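Everything on this sheet refers to the single structure shown next.
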Amino acid sequence: MLHINRLYPPTLPCYPSEQRNTIQLLYHSACNLPFIYLSPPESSAAPTEETDSRPLPPGWSSYITPEGLRYYVNSSSKETTWRRPSSSAEAPQRPLARQNSSPYDKTLTLLASTFSFLPAALQQLCFSWVITRHLSVSSRFLLQINCVTFPLPGEGPEQQLLKPDEWSYCDYFWTDRKDPQGTTLVTGFEVLLQKQLKGKQLQKEMAEFIHERIKIEEEYAKNLSKLSLSPLAAQEEGTLGEAWTQLKKSLHDEAEVHLKFSNKLHTEVEKPLLTFRGDNFKKDLKKYDHHIADLRKQLASRYASVEKARKALADRQKDLEVKTQQLEIKLSNKTEEDIKKARRKSTQAGDDLMRCVDLYNQTQSKWFEEMVTTSMELEKLEVERIEWIQQHLRQYTTLRHETDMFNQSMVEPVDQLLQNVDPAKDRELWVKENKTGDVRPVDMDI
């Protein structure tokens, strides 16, 4: 779900309609200016009130940020500084430094140039609109799906797979998808867990199949042994009688071979399939599930805090706008003091938002790391399962080969297919059919 709050500048009844239209146009243009952040100066470097009554050097203008900090712009050179420019060429200005993280990442220089023709109080109002709108649409290039932040398709740098050409679980199960009934969402991690549980169930069904095969062998051996003791034609004499007696004895020997084959099937095939990953396996999967689910709950809580802080900042900015309008139309003598208080509250709200976003990103980073680690562990478990079953089914065909009464041509195709079992190929086919998304989450940015 993409959260975008659309904010527009309020109506300005105290200005002519053509000027209001110009302001609206400038406002929307300024919202598309390049983004940087100009770090604040030291507390003593940029007083809000002018202490020097001398005129500024040619080309220089003075402006105030939404936090009430004064800065200076040279309209010709596009230079910006927190310190009052001097007429002397010997006093270099301290340029505004850039930082990478702050809610105020618009270029103040370009904003100042855009709104330079307006009265000072109205410049402040336009500043506030642009900053507020930028904070409100900071997620316009991000997509929130169940409180996880992803880049929109085509936005941001192209992501490279963590394990290219391996169809690894850690690359293709980041987003959620609907269950087969289409009623509820299933996380990518739950899809991986279901794969493990299904594999455990199929392993159990294979053991049941071998058990039924053993029962057939045992029953066949029992019937052969019983038939070898039949009294039918027992009175036959001479050489024919000897041949007949040997034929019945061969049935008894054949019964012994079948009985031996069934015993080996039980000890070397059925039992290993039943005991591989016993009851503790499901408990281990539940631990994985609870761990990842707890991280998702923490992430949801952090996301709710970010949204609450974002709303609080928008409210503070709105309050600052109202008080700035009141100053322009001189509704109250206390408006200037109210504006200073509103600026402080707005700055505090911005700091709170930054803190909440930082905590959210830390939690999402932890969830991301655990997802990678755990999904690769599940991938390893699946490879082990396939190789274990392959090994013991091949033992089944070996036992068949050792029993010379069987037609070997019936066993050879099975043996060839078992030799060609490839866990990596099986994983590729399954991932292609069941993947939920290969776009990884990214940090929320304000």
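A residue that is part of a loop (DSSP other than H, G, I, E, B) and either aliphatic (A, V, I, L, M) or touching a Gly at 6+ places or on another chain (Cβ under 8 Å) (or both) occurs nowhere in segment 213-227. Here residue 230 meets each of (1) surrounded by 12 or more Cβ atoms within 10 Å (Cβ to Cβ); (2) among the small types (Gly, Ala, Ser); (3) not in a helix (DSSP H, G or I) with one exception, condition (1).
Please tell me if residue 197 is more than 15 Å from residue 382 (Cβ to Cβ), open to solvent by 70 Å² or more (accessible area, probe 1.4 Å) and in contact (Cβ under 8 Å) with a residue 12 or more places away in the chain. No: the conditions fail for residue 197. In segment 388-408, the residue that is modelled with the highest pLDDT out of those that are open to solvent by 70 Å² or more (accessible area, probe 1.4 Å) and more than 37 Å from the chain's Cα centre (by Cα) is 394. If residue 162 meets every condition in (1) open to solvent by 60 Å² or more (accessible area, probe 1.4 Å); (2) within 19 Å of the chain's Cα centre (by Cα); (3) farther than 24 Å from residue 380 by Cα apart from one, which number is that one? Condition not satisfied by residue 162: (3).
Contact map, segment 294-305: residues that are at negative phi paired with residues that are open to solvent by 80 Å² or more (accessible area, probe 1.4 Å), Cβ distance under 7 Å, separation 6+ or inter-chain. Pairs shown: 295/366.
The one condition from (1) part of a loop (DSSP other than H, G, I, E, B); (2) closer than 30 Å to residue 307 by Cβ; (3) open to solvent by 60 Å² or more (accessible area, probe 1.4 Å) that residue 190 does not meet is (1). Starting from segment 211-225, keep only residues that are buried (at least 17 other Cβ atoms within 10 Å of the Cβ), then list their pairs with residues that are of a type in the set (Phe, Trp, Tyr) whose Cβ atoms are within a distance under 8 Å, requiring at least 6 positions of separation or different chains. Pairs found: 217/261. Pairs meeting the criteria (first residue in segment 230-256 and at positive phi, second residue surrounded by 10 or more Cβ atoms within 10 Å (Cβ to Cβ) and not in a loop (DSSP other than H, G, I, E, B), beta carbons under 6 Å, at least 6 apart or on different chains) are 233/244. In segment 360-380, is there at least one residue being part of a helix (DSSP H, G or I) and under 12 Å from residue 269 (Cα atoms)? Looking through segment 360-380, none of the residues is part of a helix (DSSP H, G or I) and under 12 Å from residue 269 (Cα atoms). Scoring residue 303 on the criteria (1) closer than 30 Å to residue 386 by Cβ; (2) under 50 Å from the mean Cα position of the chain (by Cα); (3) open to solvent by less than 90 Å² (accessible area, probe 1.4 Å) leaves a single failure, condition (1).
Residues in segment 419-446 that are surrounded by 17 or more Cβ atoms within 10 Å (Cβ to Cβ) and outside any loop (DSSP other than H, G, I, E, B): 427, 431.
The values are calculated or read from the model by the stated rules, or taken from the named source; none is laboratory data. Remember, predicted model here, so these are calculated numbers, not experimental data. Note: ideal-geometry Cβ built from the backbone for every residue, glycine included; neighbour counts use all protein chains shown. Accessible surface areas use protein heavy atoms only, side chains included; no ligands, DNA or RNA. Shrake-Rupley method; radii C 1.70, N 1.55, O 1.52, S 1.80 Å.
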